[in-house]
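Structure, as structure tokens:
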Amino acid sequence: QVQLVESGGGLVQAGESLRLSCAASGAIFGINAMGWYRQAPGKERELVAVITRGGSRNYADAVKDRFTISRDNAKNTVYLEMNSLKPEDTAVYYCKLRDPWNTNYWGQGTQVTVSS
């Protein structure tokens, strides 16, 4: 079994920054991609950013030029650097890992709240 533990969420003011971390542990036999998703109240979960095994990155249009995803392969950890935060970034942020068999694993989520 694979476990994902997110950390780094919190309450910030608009314009400030936060850095989320997600550490994967357990029976990891390979990672195809890791990514961050978010879900705001009353909305569906949406992709924020993803980084593949090869290092390719994709971002949602809403966060391009403000958020940066990175990965430490040795630590099986993915990070999300969030700058210039806006109130509309308020959501629960979830980490996802996809293994070579395309099985997805999710973290428990971390709350990010941006006040105006």
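The values are calculated or read from the model by the stated rules, or taken from the named source; none is laboratory data. Please read these numbers as outputs of a predicted model, since none were measured by experiment. Note that each Cβ is placed from the backbone with ideal geometry, even for glycine, and that neighbours are counted across all protein chains shown. Heads up: the accessible areas ignore ligands, DNA and RNA and are worked out on the full protein's heavy atoms, side chains in. Shrake-Rupley method; radii C 1.70, N 1.55, O 1.52, S 1.80 Å.
How do V5, V78 stack up against each other in accessible area, from largest to smallest, with a 1.4 angstrom probe? Display every interim value, and only then the final one.
Numbers: V5 85, V78 0 Å².
Sorted by accessible area, descending: V5, V78.
Under 8 Å for C-alpha pairs, at least 6 residues apart: give me the relative contact order for the range 1-74, rounded to a whole percent. If you can, show how the numbers build up before the last one.
Values: 86 pairs, mean separation 15.0, N = 74.
Reported as a whole number, the value is 20 percent.
Evaluated at 4 °C with a viscosity of 1.567 mPa s, what Stokes-Einstein diffusion coefficient in µm²/s does the range 15-55 have when Rh comes from the Kirkwood expression over alpha-carbon pairs?
For these conditions, the coefficient is 102 µm²/s.
How would S116, S25 line up by accessible area, probe 1.4 Å, largest first?
Values: S116 130, S25 55 Å².
Order by accessible area, largest first: S116, S25.
Excluding residues fewer than 8 places away in the same chain, name every one of the aspartates and glutamates whose C-alpha is closer than 13 Å to that of K96.
Cross-link targets: E6, E46.
What longest range of the chain stays clear of loop-exposed chymotrypsin sites (Phe, Trp or Tyr not before Pro) (DSSP non-H/G/I/E/B, at most 13 other C-beta within 10 angstrom)? Display every interim value, and only then the final one.
Numbers: sites that count: F29, W101.
With chymotrypsin sites (Phe, Trp or Tyr not before Pro) excluded where exposed in loops, the chain gives 30-100 as its longest stretch.
Give a quick list of trypsin sites (Lys or Arg not before Pro) in the range 51-116 that DSSP marks as loop, anything other than H, G, I, E or B, with at most 12 other Cβ atoms within 10 Å.
On the way: sites: R53, R57, K64, R66, R71, K75, K96, R98; in loops: R53, K64, R66.
When the trypsin sites (Lys or Arg not before Pro) of the range 51-116 are filtered for loop state and at most 12 Cβ neighbours within 10 Å, K64 remain.
Output the Cα-based Rg and Dmax of the chain in Å, rounding Rg to one decimal and Dmax to a whole number.
13.5, 43
HN-Hα J couplings of the range 51-62 from phi, Karplus 6.51/-1.76/1.60, θ = phi - 60°, integer Hz, Gly and Pro as x?
Rounded to whole hertz, the list is 10, 8, 4, x, x, 5, 10, 9, 10, 5, 4, 5.
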